Amino acid sequence: MDHNAYVPKLAKIIEIKEEVGGARPIKTFRAQFQNKNDFSFSCGQCAMLSVFGKGESIFAISSSPLIKDYLQFNILKMGRVTSSLHEMQVGDTIGIRGPYGNGFPLEEWKGKNLIFIGGGIGLAPIWSVLNTALGKKEEYGDLTLIYGARTSKDLVFREELEEIKKKIAVHLSIDVEESDWNEFVGFVPQNVTDKKPSPKNAITVTCGPPIMIKFVIKALEDLGFEDEQIYTTVENKMKCGIGKCGRCNIGSHYVCKDGPVYSWAELKKLPQEY
Amino acid sequence: MEKILTKKSFPLWVKELVSYKIYAPQKNGDLWNFETIKKPESINLDFPNTVLPPKNIIFPQREVLLEFESSNENKLQVKETLPDDDPTIIFGVRPCDAKALTLTDKVFSGDFKDPYYWKRRNSTVLIGLACNIPPSPNCFCLSVGGSPHSKEGLDILMTDLGDKYFVESLSEKGSTLINLAKPLFQQPKAADKKAVEKTQAEAEKKITRQIKDIKKIPSILKNMFDSPLWDEESLSCLRCGICTYLCPTCHCFDINDEVASSSPVKGKRVRTWDTCQFPDFTMHSSGHNPRPDRASRLRQRIFHKFQYFVERYQNYLCTGCGRCISKCPVGIDIIEVLDKVRDYGS
Amino acid sequence: MVNLDNLKKEANRILKEEKVKYIIGYKKSSNGLFTVPAFIKNPEEVEKLTWDPTCVYNLTRFLVDEKRKKAKEKEPDERPVGLIVKGCDSRALVVLLQEKFINRDDVYILGVSCEETGVLDEKKLAKTLKGKKVKNIEFGKNDNFVVTTKDGKTEIPAKEILAERCLECNANFPVISDILFGEKVKRKSDNPFESLEKFESLSKEERWTFWKEQLDKCIRCYACRSVCPMCYCDECVADTINFAVIAETTAEEKAQKIKWVEKSPVTSENFVYHLVRAIHLAGRCIDCGECERACPLDIPLRLLNKKLEKEAKELFGYEAGFDADVPSLVSSFKDEDPEDFIR
Amino acid sequence: MAEEFEPKIVAFLCKWCSSAGSDLAGVSRMEYPSNVVPITVMCSGSISPLYIFSAFNRGADGVLVSGCHPGDCHYIKGNFYARRRIALVKKLLDYIGLEPQRFQMSWVSAAEGKKYTQIIKDFVKELKPLGPQTKLRRNL
């Protein structure tokens, strides 16, 4: 009998960190499989997390595949499943199935300059690919991160960002002026326009709210980026994660299986229904 | 293998099959539906279309995927709950409904084989009944690559020849069933074969509804995503689930946890049918809905059947059973909609 | 008799004079005998309008869509919608007015009287004709329907093929309209609760067996609530997620939504759904019978609603859909309401 | 011998009268069966029929709705609305074939601890011969 894709593997939460508080809280979870870890994934892939009794939701894996000890997820409290995840403690059991989706074609990007553009919780899928590229920094050109959130309190990975700043160019932004903020003030697309990354030998990865993605793409196009140089991730409501339940489709694509990573060249051809 | 079985012998054959779980169309009030059969003589194959296709035998509306239970020490256990694979026979499967299973087969195969679906599917023998008279005035199987005597997906096809059935075995599973009662079956005569041919040719003529130039539809649709047609055609849509729940090819589902006790947690993870016609189908937890209105949902139904599925699996996701037309409470007619699509293209 | 030409004339006038946004009426379906809802926007399309015994739909239901659509528009067209209503449909309209779901100015009512007949029951017709294909069907004289088949015209007494609810209807002309077509003739129905009383005489266990068998058939396609003009709640107890989500809705609010009914179509869940629907329609259901007609599995849903209609009348002297200015059944009481059941 | 069936009763009690009445029964150490799961609500008029169906759905053998006597409602007329609504629910449940004894309504004032205990005693007595309520119970 083939493996039953609907049955999750059990995992233990080994670390919880509060990234963002307030009305739209974000926590980072690290989970370790109870049994042997044969979960191998690539950057940009997703996993379906179970809170037994509440249900399942799909999340981008934000840790790098180079890390084998645990899987990391950044979770914004949004509904039933995420609220119960936010109530969980270290040691609690969740279910994980996956990995699902296509992931970023990182292999193809070797030798190129990588520009990561994120907004809010959208840093999660970027985090995996950014850290993987950082781990093999010599294989890539310049790495740049442009990241913003509503306020400085809404930025995730603040401590880690300080670390990363030492290694690569990081341009942060917040939407509205704050007293001790020294970096860019404005929306992420404006920051992109302001920093003018060069399209030469570059690939960009943009993740964030749909409206931000839309304007970042416009900003990149204005800077001379080709559609093939622009990558993004799409999210839609998912239940099965394996291309059967029928709700996450964009055209004939199932985002859970054929996505969530798309180049703008590919995504442009699909119906705008996400 | 081709055989003749007299109608008198038919219940005797069914009697030989008692070790199987047997489904056949049964009448309840004015409606026919597939139900399990206790007595061989209670099978009546003189029935119009069943309201529900037999898909719910293979892909039930509710399927328990797994059970979970946490002990007092907060130790959680998860148990996979695969269905029984009791050998099952479905009598009286209409060719369109059998063909539909060959389409859902594609969905539930692939990289992630669906064990629940396949366990039932593999243990079920489909015995079809050719439609000598279209079971519904809205039948249009001929337009979507089927026919009233299509063998696709069937293990046996029976054709009613008045006082006897012409029985064709189409698979090993089918032959096994015939061999269980060999003496009851006779060799067909040349006249029988002629009669079958005649009946089938006549049956095809009786199908009056059709989608003209269907081959053009997928490519026309491709350029029609933003057409105002979808607003127009969905004006009377009620956003109910009839068209999809009664469809033999629709297969979308939901997964939810049903909880018997929340502390310690105990419950089941359950798969139930779902439909693109319900507004919550695609609604994100944030409230964002990529398909926010009836127009986008009608469009999804049409596109999935005549564009997306064609692109993905090279088949229409429709077998022309006509249920969605006959049962739509406001008379939305998929043939009419496609007629307008075609007009739009020309 | 309703003069269709006059109806078309009026429809033409209100569209030409731009008095209404559009008209919701009936037209022949392109594939056959029965009518379908029609949304007429231009005077040129008025010719499509029809009125015959197959006009079963309660078009008042579409005001719910209209209201939702209008709420989303930035600069909504404030003109009314022209709406063709039968007696029962007009009572639905009265309930919507009574509940302030719509305003009187939102709708221009073109009333049609069923006079002494009503609309037919498709299933009864098919049985009566034993499978013969119908070419045309119209109202005749003396309470007859004139049915044309390939064998020519035959007159069938309306009684034989009328929808059950029409047989039990005692207000078969619009109670409210801006213009009325046809006469205000009252149909004589001996007992508006005839079908119900037959059922009530069964024993408790027989009733349970009956309802269990019926509701077990339910596949939760929600056609009953979708077709119902009174089922306009933004979010139904049967829905598993929140619909009324706005940017300010907190995660807790969403997480705490109670799952009153599981999606699984099993006895216990089907009963909660149908019981809640029945009780929520108490004093609101006007017996248009659309839920029962729409049900693909022939669940006799009218019997549930009719029961509460009868109790409302007998216990509280309340009838739905006749007066938009009285308080509704469950938002009012009388000192002398029965309390013999209370301990 | 098998243990005697002990029915489970869900009692929706209004805060101002019936719940106070049950408290009085408690503090006065009146004896009455322990079959009740009391749920205090602000007013009998605030009890949605959905709560009642849901209680049966989650396994109640009997459901009691209890409020202030007519004229005594803290919110003036909440119990009058309840009286109408509950009458309809009672008719409906009876109609679909649920044993009518399983659903009761009572008026119990804050001073009527005794009456409350009597109502519960009677309710339990009536429910026992009926056995468990399985018709509407969820068994997923």
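The values are calculated or read from the model by the stated rules, or taken from the named source; none is laboratory data. In this text the structure is predicted, and so the values were computed from the model without any measurement. Every residue, glycine among them, receives a Cβ derived from its backbone with ideal geometry; neighbour counts consider all protein chains shown.
Odds and ends about this structure:
Conditions tested, residue by residue: (1) charged (D, E, K, R); (2) within 30 Å of A:ASN4 (Cα to Cα).
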site: B:LYS15; (1), (2): yes, no
site: B:TYR20; (1), (2): no, yes
site: B:GLN26; (1), (2): no, no
site: B:LEU31; (1), (2): no, no
site: B:LEU45; (1), (2): no, no
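- Criterion applied to C:LYS198, C:LYS257 was being away from chain D (no Cβ under 13 Å), among the basic types (Lys, Arg) and within 20 Å of C:GLU164 (Cα to Cα), and the one residue passing it is C:LYS198.
- Reported count of residues in region A:48-72, each being surrounded by fewer than 24 Cβ atoms within 10 Å (Cβ to Cβ) and within 25 Å of A:ALA133 (Cβ to Cβ), is 9.
- Test: residue in region B:29-41 that is surrounded by 18 or more Cβ atoms within 10 Å (Cβ to Cβ) and touching a residue at least 60 places away in the same chain (Cβ under 8 Å): no
- Qualifying positions in region C:35-49 - in contact (Cβ under 8 Å) with a residue 24 or more places away in the chain, surrounded by 19 or more Cβ atoms within 10 Å (Cβ to Cβ) and of a type outside the set (A, V, I, L, M): C:PRO37
- Some residue of region C:202-210 being surrounded by 14 or more Cβ atoms within 10 Å (Cβ to Cβ), more than 8 Å from chain D (Cβ to nearest Cβ) and polar (S, T, N, Q): no
- Where C:LYS310 falls short, out of the listed (1) more than 11 Å from chain B (Cβ to nearest Cβ); (2) touching a Gly at 6+ places or on another chain (Cβ under 9 Å); (3) not polar (S, T, N, Q): (2)
- Residue match in region B:267-275 (condition: touching a residue at least 40 places away in the same chain (Cβ under 8 Å) and in contact with a Gly (Cβ under 6 Å, 6 or more places away or on another chain)): yes
- No other residue among C:CYS233, C:CYS218 is surrounded by fewer than 19 Cβ atoms within 10 Å (Cβ to Cβ), more than 9 Å from every other protein chain (Cβ to nearest Cβ) and modelled with pLDDT of 90 or more apart from C:CYS233.
- Across region D:109-140, the number of residues qualifying as facing another protein chain (nearest Cβ under 9 Å), surrounded by fewer than 17 Cβ atoms within 10 Å (Cβ to Cβ) and part of a loop (DSSP other than H, G, I, E, B) comes to 3.
- Selection within region A:42-63: residues that are small (Gly, Ala, Ser) and under 18 Å from A:ILE121 (Cβ atoms). The member of this set that is nearest to the other protein chains (Cβ to nearest Cβ) is A:SER57.
- B:SER286 falls short on exactly one of the conditions (1) buried (at least 19 other Cβ atoms within 10 Å of the Cβ); (2) at the interface with chain A (Cβ under 7 Å from one of its Cβ atoms), and that condition is (1).
- Test for C:THR240: is it more than 24 Å from B:TRP273 (Cβ to Cβ) and either outside the structural domain of C:ARG68 (by TED's automatic domain parsing) or charged (D, E, K, R) (or both): no
- Failed criterion for B:PHE34 (all others in (1) in a helix (DSSP H, G or I); (2) of a type outside the set (Val, Ile, Thr); (3) at pLDDT 95 or above hold): (1)
- Counting only residues that are more than 17 Å from the chain's Cα centre (by Cα), more than 14 Å from chain B (Cβ to nearest Cβ) and assigned to a loop (DSSP other than H, G, I, E, B), region A:5-39 holds 6 of them.
Residue-wise test of (1) assigned by TED's automatic domain parsing to the domain that holds B:ILE89; (2) assigned to a loop (DSSP other than H, G, I, E, B); (3) touching a residue at least 60 places away in the same chain (Cβ under 8 Å).
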{"residue": "B:GLY128", "(1), (2), (3)": "yes, no, no"}
{"residue": "B:ILE133", "(1), (2), (3)": "yes, yes, yes"}
{"residue": "B:LYS173", "(1), (2), (3)": "yes, no, no"}
{"residue": "B:GLN200", "(1), (2), (3)": "yes, no, yes"}
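- Positions within region A:67-93 being touching a Pro at 6+ places or on another chain (Cβ under 8 Å) and in contact (Cβ under 8 Å) with a residue 60 or more places away in the chain, in sequence order: A:HIS86
- Those residues of region A:40-60 which are assigned to a strand (DSSP E or B) and polar (S, T, N, Q), in sequence order: A:SER50, A:SER57
- Tally, over region B:263-283, of residues that are more than 9 Å from chain C (Cβ to nearest Cβ), more than 23 Å from B:LYS340 (Cβ to Cβ) and touching a helix residue (DSSP H, G or I) at 6+ places or on another chain (Cβ under 9 Å): 3
- Helices (runs of 4 or more DSSP H) (entirely within region C:86-194) containing at least 2 residues that are farther than 24 Å from C:VAL36 by Cα and modelled with pLDDT of 90 or more: C:87-98
- Taken over region C:9-34, the criterion of being surrounded by fewer than 17 Cβ atoms within 10 Å (Cβ to Cβ) and away from chain B (no Cβ under 14 Å) is satisfied by C:LYS9, C:ARG13, C:LYS16, C:GLU17, C:GLU18, C:LYS19.
- Listing of strands (runs of 3 or more DSSP E) fully contained in region B:50-119 that carry 1 or more residues being among the aromatic types (Phe, Trp, Tyr): B:62-70, B:88-93
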